[in-house]
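The values are calculated or read from the model by the stated rules, or taken from the named source; none is laboratory data. This structure is a prediction, so every number in the text was calculated from the model and none was measured. To get the accessible areas, we keep the full protein, side chains included, count just its heavy atoms, and leave off ligands, DNA and RNA. Shrake-Rupley method; radii C 1.70, N 1.55, O 1.52, S 1.80 Å.
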Amino acid sequence: MIPFIDLKQQYQALKPQIQERINRVLDHGQYIMGPEVREMEARLEHFTEAKHCISVSSGTEALLISLMALGIKPGDEVITTPFTFVATAEVIVLLGAVPVYVDIEADTCNIDVSKIEAAITPRTRAIMPVSLYGQPADMDEINAIAARHPNITVIEDAAQSFGAVYKGRKSCNLSTIGCTSFFPSKPLGCYGDGGAIFTSDDAIAQACREIRVHGQSKRYVHTRVGVGGRMDTLQCAVVLAKLERFEQEIATRLALGARFNALLNEKVEAVTQRSDRTSVFGQYTVLVDDREAVQAALKEAGIPTAVHYPVPLHLQPAYVESSRVVGELSVSEAVAARVMSLPFSPELDSTTQDVIANALVEAVHA
Ligand SMILES: Cc1ncc(COP(=O)(O)O)c(C=O)c1O
C-alpha cells in the first residue's frame, strides 16, 4: 500500500536534527514553556512576518483562544464555512456563540465571499474563513467586508495552509488573527498536538498569551478566564528541527501539486488554485462521481484515499440546532458527495505519482 502521508521517510531524512533537538530538551528538563517555545515562536514570527506568534496546544485551541481573546460570548455570531473540519464550528459553539454558514465556491471549495455580506447581522462579531486544502481563502475581500462593519474581526483558520502565500503575504498573517495546527500530517507538523496563533495586534496577543495559561497575567493572578493551552517544549523542538527544510518541502509541495494538475488535466476534475495565491496542498483533492467505486478501485491497486469532508457541518447532528444557515448550502452539499483526497507528501516520488494518476484516470473512466 502506498502511504497516504509518508511521515516515516521525512523522519529518516531529518533524524539527526530531530534527535539532537529532543535530546537538548531532555537534558535541560524544562518540559513546559522551555526555551524552545519562545525560539519556535520567534522563528515563526520571522517566517510569517506577523508581529506575534503564540504557540498553543493544538489548532483547535488556537481557534478557541482567539475567540476568547475577542470576548466572543453567548448569542454572538461568527460567519464561517460549513465545508471544513468540525473544529472550526466546535469552538464557536463551545463559547455559546452561533456559527453562521454561507456556501462555498465550487472550484476552490473555500468560502464564497459574495455570500458573506448577506449573513451579517448586528450580532456578527467575527468572520472565520478556512484556507482549505492549503489554499488561502480570498482574505483581502473578506477583510474589506469586515472593515465596513464595526466590531467584526477576521480570523483565518489556516490549520491546513501554513506556508501558503496570498498576494505576496504568508497565510496566518492575512487578517487580524491567523490560527494554524502542527498536527503531524499538516504541512508543518510536530509529533503530537500543537498549534499557533498569529497577530500583529498587541492587545490580542497579550490576551492570547494570558488565556493559554489559565488567564494568568502574573503567577497566580488570574485576570481573565483561560484554559490550559500551552504547547509542550518537546513539540516545539520537533517543529524547530523540521523548519530546517520546510522551505524546500514547500517548493516540493508546489511542484508535486502542479504535476498532479498536469497529469490529471481534462481527465479528472481537481480543486482549482487561483493565480494570486499558492496552495501548500495540505491535501491534494479531486472531485469524482460515484466516489465509493473509485475509492474501491484505487484501494484494490494499493492506493489509499480519504474524504475531507463527507458531511458539511450544517448537517452534522451536533450542529443542526446550534448553527444558522444563510441561503442554500447546495454547493457544499454537492462537493461533500464528490471530494476525494489522494496520497500526498513532499516524499512522493514521480513514479508513484504516475501510478496514482494513471489508476485514478482509469477508475474515473471505467
Ligand atoms: C480546518 C481545520 N481547522 C482546525 C483544525 C484543528 O487542528 P488540531 O487538530 O490541531 O486541533 C484542523 C485539523 O485538522 C483543520 O483541518
_Bins of 5 Å from zero: percent of alpha-carbon pairs in the range 119-177_ = 4, 22, 31, 21, 13, 8, 2
*Compute the semi-axes of the equivalent ellipsoid of the range 1-50, taking the square root of 5 times each eigenvalue of the Cα gyration tensor, and list them largest first in whole Å.*
25, 18, 9
*Quick one: what does P(r) look like for the chain with 20 Å bins over all Cα pairs, in whole %?*
30, 58, 12, 0
*What whole-number value in cubic angstrom gives the convex hull volume per residue for the C-alpha atoms of the range 236-295?*
117
*Counting only DSSP beta bridges with both residues in the chain, tell me the antiparallel percent, nearest 5.*
60
*Which pairs, out of LYS170/LYS242; LYS51/LYS170; LYS8/LYS186; LYS15/LYS51; LYS51/LYS73, put more than 23 Å between their alpha-carbon atoms?*
LYS15/LYS51; LYS51/LYS73
*Remind me, what semi-axes does the range 188-265 give for its equivalent ellipsoid, largest first in whole Å, using sqrt of 5 times each Cα gyration tensor eigenvalue?*
37, 15, 11
*Round to a whole number: what % of the accessible area of the chain belongs to carbon and sulfur, probe 1.4 Å?*
52
*Tell me, how many Å apart are the Cα centres for the range 4-37 and for the range 191-264?*
16
_Ellipsoid equivalent to the range 236-366 - semi-axes via the Cα gyration tensor, in Å_ = 27, 23, 15
*Relative contact order (percent) for the range 27-146, with alpha-carbon contacts under 8 angstrom and 6 or more residues of separation?*
21
*Give the accessible surface of the range 34-166 per residue, rounded to a whole number of Å², with probe radius 1.4 Å and ligands, DNA and RNA excluded.*
30
*Using only C-alpha positions, report the orientation-averaged shadow area of the convex hull of the range 1-91, nm², one decimal.*
9.5
